[in-house]
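One structure below.
The values are calculated or read from the model by the stated rules, or taken from the named source; none is laboratory data. Note that this is a predicted model, so its numbers are computed, not measured. Note: ideal-geometry Cβ built from the backbone for every residue, glycine included; neighbour counts use all protein chains shown.
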Amino acid sequence: MHSKKLSPQDEQAIRTVVECQLKAFQNNDATTAFSLTCLELQRQFRQPQEFMEMIKNHYQPIYSPRAVIFEGFFYTQQRPTLQMMLMTQRGNLIRALYMMQHQSNLSWRITGYQLLPFNIDSRHRHQSQD
């Protein structure tokens, strides 16, 4: 169980990296978007354009959201993770997770993404008594 807590400076630094990548996606700037990922992802995709194609094909809500709401941080797989709610171009809500990695130069890089369904009822649902 992790009781780690990010400092306000780290939270802001992570959010800045994510915002920069979202802006790069919006501008179709593969080089900038790719530069914000960890070395493992860069080795896996090798070229910024290959990375951008993967995002467009598998993470479309991250590539072109209509709206973004940052919801907060938690740890998953021992990595700080930024959780957000995205509105797709069609108006659907989806939850996105950005997993992060602290670099030796103290900067932050993106290590992965996960998209989850957004179910408003599931957070406040009570079992009905029949």
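Would you check if Y98 is surrounded by 15 or more Cβ atoms within 10 Å (Cβ to Cβ), under 24 Å from P117 (Cβ atoms), over 12 Å from the mean Cα position of the chain (by Cα) and of a type in the set (F, W, Y)?
No: the conditions fail for Y98.
Take the conditions of a type in the set (G, A, S), touching a strand residue (DSSP E or B) at 6+ places or on another chain (Cβ under 8 Å) and buried (at least 16 other Cβ atoms within 10 Å of the Cβ) and apply them to A67. Does it pass?
No: the conditions fail for A67.
Whether any residue in region 117-128 is surrounded by 15 or more Cβ atoms within 10 Å (Cβ to Cβ), within 19 Å of L36 (Cα to Cα) and either of a type in the set (A, V, I, L, M, F, W, C) or modelled with pLDDT of 95 or more (or both) is what I want to check.
The answer is no, given that none of the residues of region 117-128 is surrounded by 15 or more Cβ atoms within 10 Å (Cβ to Cβ), within 19 Å of L36 (Cα to Cα) and either of a type in the set (A, V, I, L, M, F, W, C) or modelled with pLDDT of 95 or more (or both).
Given (1) of a type in the set (A, V, I, L, M, F, W, C); (2) modelled with pLDDT under 95; (3) not in a strand (DSSP E or B), where does F51 come up short, assuming only one miss?
(2)
Restricting the search to region 28-48, which residues are in contact with a helix residue (DSSP H, G or I) (Cβ under 9 Å, 6 or more places away or on another chain) and not in a helix (DSSP H, G or I)?
N28, D29, L36, T37, Q47
Any chance you could count how many residues in region 80-95 are crowded, with 18+ Cβ neighbours inside 10 Å and either under 22 Å from Q9 (Cα atoms) or not hydrophobic (A, V, I, L, M, F, W, C) (or both)?
Number satisfying all stated conditions: 4.
Quick test of your reading of the structure: Y113 fulfils all but one of (1) assigned to a loop (DSSP other than H, G, I, E, B); (2) surrounded by 13 or more Cβ atoms within 10 Å (Cβ to Cβ); (3) among the hydroxyl-bearing types (S, T, Y). Name the failing condition by number.
Only one criterion in (1) assigned to a loop (DSSP other than H, G, I, E, B); (2) surrounded by 13 or more Cβ atoms within 10 Å (Cβ to Cβ); (3) among the hydroxyl-bearing types (S, T, Y) is unmet by Y113, namely (1).
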